[in-house]
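Encoded as structure tokens, the structure appears first; notes follow it.
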Amino acid sequence: MEQYEPDDRLSPAQVAAMRRSLRNGRAALTRRSLLRASAGGALALGGLGSLSACGIPAAGKTAGGTSAEDHSAQEKKIAFSNWTEYMDVDDSGKHHPTLDAFTKRTGIKVTYTEDINDNNEFFGKIKPQLAAGQDTGRDLIVLTDWLAARLIRLGWVQKLDPANLPHAFANLSGQFRSPDWDPGRAYSYPWQGISTVIAFNKKALDGVEVTSVSDLLDNPKLKGRVGFLTEMRDTVGMTLLDLGKDPASFTADDYDAAIARLQKGVDRGQIRRFTGNDYTSDLTKGDLAACLAWAGDVVQLKADSPDVDFIVPDSGYLTSSDNLLVPNKARHKTNAERLIDYYYEPQAAAELAAYINYVCPVDGVKPYLAKIDADAANNPLIIPDKAMQAKSHAFRSLSAKEETAFEAQFAKLTGA
């Protein structure tokens, strides 16, 4: 087994955080929840064991990955790995209309595999080939921002060719254009965005006004009836915003202040519990009057329950992203770039958004989506308007040392 520097090993707190995510955290979002919690859970826990034993490779080069000879012109194919339930399907559930349309137009056959159940489990699967400079057998993968950042830092994904991405460059929404881990989107493009807002049950609130994280933490009428998330970045990020701090540029002292603020909520019994997306049941029943929630869940809850609604605090909200990347040694890079660009055409993006209900990262989609689903087109959780985009914030990248320390503090807070 490869040995790496101790500083790059996963700490117990990080492993605990990942296990929380597998059980009920953002590894269990909306349409992906059951499959990622069941089919992915056992595999992912095994993967975590191997990761904590071997450690993670130290950050390597950042000047771009290693290309292979591009066979795109001779081999009209793409191997695309994605999360479960993260693509549009037809009524039979067997075909993906947007992929079929891409193949019909270009002649490029897409081998589409739903083999990503958790970021860390998938990282454990592809790490040996990437570390050895070998082809993973995949031309396109989808990873959440923090893991995408790690692969870019390690030099394990290829720099994209802007000449093959005219629609992506032109239509990428401003709020996703320049994350600190990939400025200018040289190596990645968002597949979908994931936003964190405040959801509430109008009946359970019984006239109590909720407009901010401070209301959740301080209003005595909500004691024992509010929930925060087991995902550190979401809970701490929203609390930082409430304290007037920017999650994109906070200090260790800022982080300590946010943890202390949340600890008071725990000590006073204000916070009922920290949850993954299992808050959906408690919120619908009214056991939780209000909580931090993921937008994809809220879209579906609002459709099913007239009592559930959401607010975006004046201080702002958190948005992360799942991202398309081309791993090192991929044989069909140009074909993969053509597929990325295809999903930045408004029609294809609209068809995908109508099925997935996450934050669409493509500008100009609304009139196309309106023809498919008017409610979705007018939902700011799917198509944020400029005012909502302006309130969006990203949680900054963490060093290995910071992640270890911050996760340990958060684990102590949540009792994990």
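Pairs with C-alpha atoms separated by more than 24 Å, drawn from the list 127/401; 203/371; 223/401; 125/412; 302/391, are 203/371; 223/401; 125/412. Each other residue within a Cβ distance under 13 Å of residue 329 adds +1 if Lys or Arg and -1 if Asp or Glu, for a net charge of -1. Under the simplified labelling scheme, the residue 399-residue 178 pair shows an inter-label distance of 2.4 nm, with each label point 7 Å from Cα along Cα→Cβ. Treating each Cα of region 278-386 as one equal point scatterer and applying the Debye formula with no solvent, the log10 of I(q)/I(0) at q = 0.10, 0.16, 0.22 Å⁻¹ comes out as -0.38, -0.83, -1.19.
Seen from residue 98, the other residues with C-beta closer than 12 Å to its C-beta sum to a net charge of -3, counting Lys and Arg as +1 and Asp and Glu as -1. Taking amide H positions as modeled 1.01 Å from N, with prolines and chain starts lacking one, the residues under 5 Å from residue 192 and 5 or more places away or on another chain are 322. Across region 309-325, computed HN-Hα scalar couplings (Karplus, 6.51 cos²θ - 1.76 cosθ + 1.60, θ = phi - 60°) run 8, 9, 9, 9, x, 4, 6, x, 8, 9, 10, 10, 8, 9, 10, 7, 9 Hz from first to last residue, x flagging Gly and Pro. The alpha-carbon of residue 333 sits under 15 angstrom from the alpha-carbons of these aspartates and glutamates, leaving out residues fewer than 8 places away in its chain: 69, 70, 75, 135, 139, 161, 341. Note on region 209-357: along the principal axes its Cα atoms extend 57, 41, 25 Å, ordered by decreasing extent. Using a probe of 1.4 Å on the protein chains alone, the accessible area found for residue 87 is around 0 Å². In order along region 167-176, the Karplus-derived 3J(HN,Hα) couplings, from 6.51 cos²θ - 1.76 cosθ + 1.60 at θ = phi - 60°, round to 5, 4, 5, 6, 9, 5, 4, x, 5, 10 Hz, and Gly and Pro are given as x. The Cβ shell under 14 Å around residue 249 holds other residues with a net charge of -3, Lys and Arg each +1, Asp and Glu each -1.
The values are calculated or read from the model by the stated rules, or taken from the named source; none is laboratory data. This is a predicted model, so every value here is computed, not measured. All Cβ positions, even for glycine, are placed from backbone atoms using ideal geometry, and neighbour counts span all protein chains on display. Ligands, DNA and RNA are stripped out before the accessible areas are found, and what is left, the full protein with its side chains, is counted by its heavy atoms. Shrake-Rupley method; radii C 1.70, N 1.55, O 1.52, S 1.80 Å.
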